[in-house]
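A short write-up of the structure that comes next.
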Amino acid sequence: MNEILQNFLFLLVALGIIFLLVGTLAYGGILAAPWVPLRKKDVKRALALARLKPGEVLYDLGSGDGRIIIVAGKDFGAKATGYEVAFLPYLYSYVKILIMGLYGSVKVKYKNFFKEDLSGADVVISFLLPRAMVALKEKYIRELKPGTRIVSCVWLIPGWIPERVDKPNNNDVKIYLYILKDNAVQK
């Protein structure tokens with residue numbers, strides 16, 4: 001009987017862990033976007049489009065495996081913070097940051113970015129679905145200071161006109177740059 005109970009408890013714990021991992025991935029997909037990483041060359045293109053400078057504060061909304069915040073900190077000298085609600089990508093990026101010795105200049109938080117204060121950002125970057133971008137518009141206007149650069153990968157922010165669009169060739173994704181001006185952008 002004891003062995004049956006141990007097997008049942010093991011199965012219960014294993015199912016709980018699987019539910020946690022799959023559940024948070026699903027939650028992230030429902031909240032803002034499924035985890036689809038940008039290619040490394042697109043990450044560098046997006047950060048260059050933002051004109052990211054050493055010491056600037058960058059927030060990556062839905063940071064996935066941390067590739068954007070890691071490149072921002074390592075190659076651009078930025079103070080980068082990623083927000084991620086899916087546990088597995090969060091854990092993976094956290095470990096990568098520690099192994100690379102970037103903790104301090106690069107951080108990842110297991111938090112919902114809709115509930116976080118973004119006012120300290122110089123640059124905000126995201127690769128989220130259009131419905132999430134609609135929800136973020138008011139948050140950007142309410143919290144970001146004038147001059148903040150907003151980079152959206154693949155999707156436009158509905159109703160806003162970007163300052164620049166970067167798409168070097170047909171095989172590249174579009175990357176949009178917006179600059180907040182007096183709590184608004186060009187409409």
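The values are calculated or read from the model by the stated rules, or taken from the named source; none is laboratory data. Computed from a predicted model, the values in this text were never measured in an experiment. Cβ atoms come from the backbone with ideal geometry, glycine included; neighbour counts cover every protein chain shown. Side chains included, ligands, DNA and RNA excluded: accessible areas come from the protein's heavy atoms. Shrake-Rupley method; radii C 1.70, N 1.55, O 1.52, S 1.80 Å.
Is it the case, given these coordinates, that ASN112 is polar (S, T, N, Q) and open to solvent by 50 Å² or more (accessible area, probe 1.4 Å)? Criteria not met by ASN112. Note on region 139-155: residues that are in contact (Cβ under 8 Å) with a residue 40 or more places away in the chain and β-branched (Val, Ile, Thr) total 2. Just one residue in the set ILE18, ILE4 is over 16 Å from TYR92 (Cβ atoms) and at pLDDT below 65; that residue is ILE18. The set of residues from region 122-136 being open to solvent by 20 Å² or more (accessible area, probe 1.4 Å) and either among the polar types (S, T, N, Q) or part of a helix (DSSP H, G or I) (or both) comprises PRO130, ARG131, VAL134, ALA135. The conditions of being farther than 20 Å from LYS40 by Cβ, open to solvent by 10 Å² or more (accessible area, probe 1.4 Å) and without any contact (Cβ under 8 Å) to a residue 40 or more places away in the chain are not met by SER105. What about TYR59, is it of a type in the set (Phe, Trp, Tyr), open to solvent by 20 Å² or more (accessible area, probe 1.4 Å) and in contact with a strand residue (DSSP E or B) (Cβ under 7 Å, 6 or more places away or on another chain)? Yes; evaluated as a whole, the condition is true for this residue. Residues that are closer than 19 Å to LYS40 by Cβ, open to solvent by 50 Å² or more (accessible area, probe 1.4 Å) and over 17 Å from the mean Cα position of the chain (by Cα) do not occur anywhere in region 137-159. Looking only at residues of region 82-95 that are open to solvent by 10 Å² or more (accessible area, probe 1.4 Å) and out of contact with any Asp or Glu (no Cβ under 7 Å at 6 or more places or on another chain), we find that the one that is nearest to ILE175 (Cα to Cα) is GLU84. Going by the structure shown, is ASP172 open to solvent by less than 40 Å² (accessible area, probe 1.4 Å), charged (D, E, K, R) and in contact with a Leu (Cβ under 9 Å, 6 or more places away or on another chain)? When the stated conditions are applied, ASP172 does not pass them.
Scanning region 94-121 for residues that are over 12 Å from the mean Cα position of the chain (by Cα) and in a loop (DSSP other than H, G, I, E, B) yields a count of 11.
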